[in-house]
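**Q** Before I ask anything, here is the structure I am working with.
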Amino acid sequence: MESDQPIREDPAKLRGFFANKFSNYLFLHNHLGKNKFLYQYPRIQYKTIDYKKVVLGLAEGVNVLQNIYNQYDKITLGGNSYQIFSKEIIVKEEDFGIAPENIKYKFLTPWFALNEENYQKYKNYSYSERTDQLKSILIRNIMAIAKTFQYFVDSKIIVNTRLKETSIKFKEEYIIGFLGTFQVNFNLPDYIGLGKSVSRGFGTIKRINNQKE
């Protein structure tokens, strides 16, 4: 069925489309074959932002997206075929790394912060212990990105958070995620993801320029 409606399927299905159509590009899917995966921060991430489907490329991922940009004019997801009437590619250089002041960010999509082990601890913690745990995880998320892009963190990363629990549907199960804001002395590009399953759109952030937001 062909549709001229907005794409309603989630980013995971969008990821599946590109992984199948352009399987020769590792960064589109991170599958090495034989149930082996490239366990690095994803260079390509699939998102829904303001009801629009966005494919974000970082570093080497930018070249991949530029190479395939004109190789499709229709997307098939879950039995629905969507004709693409407009698309654009935007290439930007962004600051990354330790900042001299705190920068405020907002989670546009739920932050998938807790693995099974951390969740068991989280359940039994007090409010202050949970806050400290989430701060620590957020710092580790940022450190993991820095390591992937070979950025040496030579100063202490300091985080403050204002988060609330939300429900995430992941692989037909519902788990705890988090929405809200955080401040950190680190430059992060808009629309990158933090935490688990960022290639599927979780943990997408955006800088808040107006501190009252």
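**Q** With r as the distance between the Cβ atoms of Ile49 and Ser23 and R0 = 22 Å, compute the FRET efficiency 1/(1 + (r/R0)^6) and round to 0.05.
**A** Between Ser23 and Ile49 the formula returns 0.30.
**Q** Once both labels are modelled 7 Å past Cα along the beta-carbon direction, what's the Ser155-Arg130 spacing in nm?
**A** Distance between label points: 3.2 nm.
**Q** May I have the pair-distance distribution P(r) for the chain, computed from all Cα-Cα distances with 5 Å bins from 0 and rounded to whole percent?
**A** 1, 6, 14, 18, 19, 17, 12, 8, 4, 1, 0
**Q** For Lys164, go through the aspartates and glutamates and keep the ones whose alpha-carbon is under 15 Å away, minus same-chain ones fewer than eight residues off.
**A** Cross-link targets: Glu129, Asp132.
**Q** Sort 120-129, 182-191, 139-148, 152-161 for me by packing, meaning the mean count of neighbouring Cβ atoms within 10 Å per residue, highest on top.
**A** 182-191, 139-148, 152-161, 120-129
**Q** To continue, here is another question. Just flag the chymotrypsin sites (Phe, Trp or Tyr not before Pro) in region 33-107 sitting in loop per DSSP whose Cβ has no more than 12 other Cβ atoms within 10 Å.
**A** Tyr39, Tyr51, Tyr69, Phe85
**Q** Right, something else. Counting other C-beta atoms within 10 Å, and keeping those with at most 15, which DSSP coil GluC sites (Glu not before Pro) do you find in region 47-128?
**A** Glu88, Glu93, Glu94
**Q** So for the pair Ser167, Lys123, with labels modelled 7 Å out along Cα→Cβ, what separation do we get in nm?
**A** Each label point lies 7 Å from its Cα, and together they span 1.7 nm.
**Q** Give the long-range amide H neighbours of Leu108: residues separated by 5 or more places, or on another chain, with amide H under 5 Å away, using H modelled in the peptide plane at 1.01 Å from N.
**A** Counting only residues 5 or more places away or on other chains, the set is Thr204, Ile205, Lys206.
**Q** Shifting gears a bit: Specify the angular offset, from 0 to 90 degrees and rounded to the nearest 10, of the alpha carbon long axis of helix 11-21 from the longest principal axis of the alpha carbons in the chain.
**A** Once rounded, one gets 40 degrees.
**Q** Output the pairs from Lys47/Lys121; Lys13/Lys52; Lys13/Lys123 with a Cα-Cα distance over 23 Å in this structure; if there are none, say none.
**A** Over 23 Å apart, Cα to Cα: Lys47/Lys121; Lys13/Lys123.
**Q** Then there is this: So if R0 is 25 Å, what FRET efficiency would Leu179 and Val91 give, r being the distance between their Cβ atoms, rounded to the nearest 0.05?
**A** 0.30
Read-outs: derived from the displayed coordinates by stated rules, not from any lab. Here the structure is a predicted model, which is why all the values come from computation and not from measurement. No Cβ is skipped: glycine too gets one built from the backbone with ideal geometry, and neighbour counts run over all protein chains shown.
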